[in-house]
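The values are calculated or read from the model by the stated rules, or taken from the named source; none is laboratory data. Values in this document were obtained by computation on a predicted structure and should not be read as measured data. Every residue, glycine among them, receives a Cβ derived from its backbone with ideal geometry; neighbour counts consider all protein chains shown.
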Amino acid sequence: MRLALAISHQIPNSQVIDFKAYDIPFPNQGGVDKANPTAFQAQLLKAFDEAKIIFVLTPEYNWFPSAELINMVHQLSNRTHIQLFNNKVFAFCGVSSGTGGRIPTLQLGNLFDKILNVFNLNSITSPKKFEARFIADVLDEQGNSLGNSEFDAGLNDFINYNLNLAKKWQ
């Protein structure tokens, strides 16, 4: 959440989706019902649909993205919800309390590229990834900088690059 809030501080009218209320079923439990979503699902679907750029953030767990994020992508990347992935720029951030973060961004980029290709969508995944390492040392709980100029510059570059990409893409 620290990184999501830090990004939202720099992008007016952005929305952060907090996965604390996450309730997307696993495939063997059904799917996301567009006509009758839960409160979390409705917020997610609306934000996803309205966005032109989506910053996808994930903590790194044993060199992988979070299971919740992978399940969400799996449940939404089907013919029922695929329009959510169209006409977007997707940018990826890996978050770590230590030295990780890079590998999940690469995996997510590959996953989203595959979805965009298979469904022939007019979207793009950003080549610029961001690794947020030692996150508690650089951002407070509200997403405010703790004064690490190297981290702040890298985050600003990442955000500005992707906002410019989104402007060019749209």
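See the values below:
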read-out: Subset of region 129-170 [polar (S, T, N, Q) and farther than 14 Å from R2 by Cα]; value: N148, S149, N156, N160, N162, N164, Q170
read-out: Tally, over region 32-49, of residues that are part of a loop (DSSP other than H, G, I, E, B) and touching a Leu at 6+ places or on another chain (Cβ under 9 Å); value: 3
read-out: Among the residues listed as G154, G147, the single one being at pLDDT 95 or above, over 30 Å from G31 (Cα atoms) and outside any loop (DSSP other than H, G, I, E, B); value: G154
read-out: Qualifying position, being among the charged types (D, E, K, R), out of contact with any His (no Cβ under 6 Å at 6 or more places or on another chain) and without any contact (Cβ under 8 Å) to a residue 24 or more places away in the chain, among K88, K52, K34, K46; value: K46
read-out: Inter-residue pairs, beta-carbon under 7 Å, first under 16 Å from N162 (Cα atoms) and in region 109-128, second assigned to a helix (DSSP H, G or I) and charged (D, E, K, R), 6+ apart; value: T125/D113
read-out: Those residues of region 131-144 which are modelled with pLDDT of 95 or more and under 26 Å from K88 (Cβ atoms), in sequence order; value: L139, G143
read-out: Filtered residue count, region 104-160, keeping only those that are among the β-branched types (V, I, T) and surrounded by fewer than 17 Cβ atoms within 10 Å (Cβ to Cβ); value: 1
read-out: Qualifying residue in region 50-68 (condition: surrounded by 15 or more Cβ atoms within 10 Å (Cβ to Cβ) and in a helix (DSSP H, G or I)); value: no
read-out: Residue tally, condition closer than 26 Å to A132 by Cα, out of contact with any helix residue (DSSP H, G or I) (no Cβ under 6 Å at 6 or more places or on another chain) and of a type in the set (V, I, T), over region 8-51; value: 1
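Residue by residue, here is whether (1) part of a strand (DSSP E or B); (2) touching a Leu at 6+ places or on another chain (Cβ under 9 Å); (3) on the phi < 0 side of the Ramachandran plot holds:
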position: M72; (1), (2), (3): no, yes, yes
position: L84; (1), (2), (3): no, yes, yes
position: N87; (1), (2), (3): no, yes, no
position: F90; (1), (2), (3): yes, yes, yes
position: G94; (1), (2), (3): yes, yes, yes
position: G100; (1), (2), (3): no, no, yes
position: K114; (1), (2), (3): no, no, yes
